[in-house]
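K.L.:
Take a look at the following structure, please.
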Amino acid sequence: MAIVLEPISPVAFSVFGLGVRWYALAYVAAFVVGYFMLRAFVRQPGSQVKLDKKQLDDLLTAIILGVILGGRLGYVLFYNLPFFLAHPLEIFAVWHGGMSFHGGLVGVITAVFLFAWNRNRRGQFTGGTYKTAFNILDILAVITPIGLFFGRIANFINMEVMGRPTSVPWGVVFVGGPETPRHPSPLYEAATEGILLFIIMYCLYRFTGLRRHAGALGGMLAMLYAVFRIFCEQFRAPDIQIGFLTSWGLTMGQLLSGIMFIAGATIFAIAFRKK
């Protein structure tokens, strides 16, 4: 017995005839909530990062650009490169969907390092580019799951990246869509990569000494996200244009997450070196 749902319009509301989509609202909510959380973290006693309002605003701008440019380029390169080579103008049509978390992550890391390098060059920070960047990324590691939560909820509303066919009682069927019940995999990811990951990362930040080791929390986020993503990919249908990468069911998301786990473990280990 599946759960039957009426499709939700991808357009939340219109302003002067222009549709505002749930996906766009998810990004706005993630950036707004993330900004206030970042401000709260840097103002806490004992924070490894101290930023004034101007620096905080500049950092947020860099992060937004990193998320959007990295996420889009990641999707283009990893998930549908032949299509975009044939239709290059579609690269800029972000309203058609198509963002990669792994690409967005690389974009944010790049943006933060450029921000730290620029501020160290100006003498605004004294800890060095790498230490400053990793300290910022450690705070962002706690905040990132909030953005993932909003994004996965928007995926579910848009009926995107839905799961594989299933017979479980909570399988979902959208009216007017395929009649085969499917796993609500975006909700699985919202619960694990969003809520659960945020709780774990906040506890690690709040109740352990990991934040004193620049890069440790960032490495931990990479490892935990990779584990949750690989698990959830077991229920998520592979992208139609790619399918499974191997005969035994490896998906692109699992491959990228495996690489991400190795990178996170390396950063975590390096964080505890004395030099």
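K.L.:
List pairs: first residue in region 250-275 and within 19 Å of Pro238 (Cβ to Cβ), second residue among the charged types (D, E, K, R) anywhere in the structure, Cβ distance under 7 angstrom, at least six positions apart or on different chains.
P.N.:
Thr251/Glu233; Met252/Asp239; Gly253/Arg229; Gly253/Glu233; Gln254/Glu233; Ser257/Arg229
K.L.:
Moving to a separate point now. Taking Leu56 and the conditions (1) in contact (Cβ under 8 Å) with a residue 24 or more places away in the chain; (2) within 18 Å of Val142 (Cβ to Cβ); (3) not β-branched (Val, Ile, Thr), which numbered condition does it fall short on, given that it satisfies the others?
P.N.:
With respect to (1) in contact (Cβ under 8 Å) with a residue 24 or more places away in the chain; (2) within 18 Å of Val142 (Cβ to Cβ); (3) not β-branched (Val, Ile, Thr), Leu56 is out only on (1).
K.L.:
Another one. Filter region 148-198 for residues that are hydroxyl-bearing (Ser, Thr, Tyr) and under 22 Å from Ile240 (Cα atoms); which is surrounded by the most Cβ atoms within 10 Å (Cβ to Cβ)?
P.N.:
Kept after step one, since they are hydroxyl-bearing (Ser, Thr, Tyr), are these residues of region 148-198: 166-167, 180, 185, 188, 192.
Keeping just the survivors that are under 22 Å from Ile240 (Cα atoms) gives 166-167, 180, 185, 188.
Numbers: Thr166: 17, Ser167: 9, Thr180: 12, Ser185: 24, Tyr188: 20.
Within region 148-198, the match that is surrounded by the most Cβ atoms within 10 Å (Cβ to Cβ) is Ser185.
K.L.:
Let me ask something else. Report whether or not Leu65 is surrounded by 13 or more Cβ atoms within 10 Å (Cβ to Cβ) and either touching an Asp or Glu at 6+ places or on another chain (Cβ under 7 Å) or closer than 18 Å to Gly127 by Cα (or both). Walk me through how you get there before you give the answer.
P.N.:
Values: surrounded by 13 or more Cβ atoms within 10 Å (Cβ to Cβ): yes; either touching an Asp or Glu at 6+ places or on another chain (Cβ under 7 Å) or closer than 18 Å to Gly127 by Cα (or both): no.
In short, no.
K.L.:
I want to confirm something. Restricting to region 72-92 and keeping residues that are in contact with a His (Cβ under 9 Å, 6 or more places away or on another chain) and not aromatic (Phe, Trp, Tyr), which single residue is modelled with the lowest pLDDT? Break it down stepwise before answering.
P.N.:
At the first step, the residues of region 72-92 found to be in contact with a His (Cβ under 9 Å, 6 or more places away or on another chain) are 74, 78, 90.
Remaining after also requiring not aromatic (Phe, Trp, Tyr): 74, 90.
Values: Gly74: 91, Glu90: 86.
Across region 72-92, the extreme among qualifying residues is Glu90.
K.L.:
Are there helices (runs of 4 or more DSSP H) fully within region 164-275 with at least 3 residues that are more than 13 Å from Ala141 (Cβ to Cβ), in contact with a helix residue (DSSP H, G or I) (Cβ under 9 Å, 6 or more places away or on another chain) and modelled with pLDDT of 95 or more? List them. Working first, answer last.
P.N.:
Numbers: elements: 185-189, 197-207, 216-232, 252-270.
Because the criterion is at least 3 residues that are more than 13 Å from Ala141 (Cβ to Cβ), in contact with a helix residue (DSSP H, G or I) (Cβ under 9 Å, 6 or more places away or on another chain) and modelled with pLDDT of 95 or more, the helices (runs of 4 or more DSSP H) in region 164-275 that meet it are 185-189, 216-232, 252-270.
K.L.:
Looking at Val161, Val173, which one is over 19 Å from the mean Cα position of the chain (by Cα) and over 28 Å from Ser47 (Cα atoms)? Step through it out loud before you land on a result.
P.N.:
Values: Val161 fails: over 19 Å from the mean Cα position of the chain (by Cα).
Answer to the selection: Val173.
K.L.:
If you don't mind, another one. Just one of (1) without any contact (Cβ under 8 Å) to a residue 12 or more places away in the chain; (2) of a type in the set (A, V, I, L, M); (3) in contact with a strand residue (DSSP E or B) (Cβ under 9 Å, 6 or more places away or on another chain) trips up Met159, so point out which.
P.N.:
(1)
The values are calculated or read from the model by the stated rules, or taken from the named source; none is laboratory data. Computed from a predicted structure; not experimentally measured. When we count neighbours, we look across all protein chains shown, and the Cβ atoms used for this are built from the backbone with ideal geometry, even at glycine.
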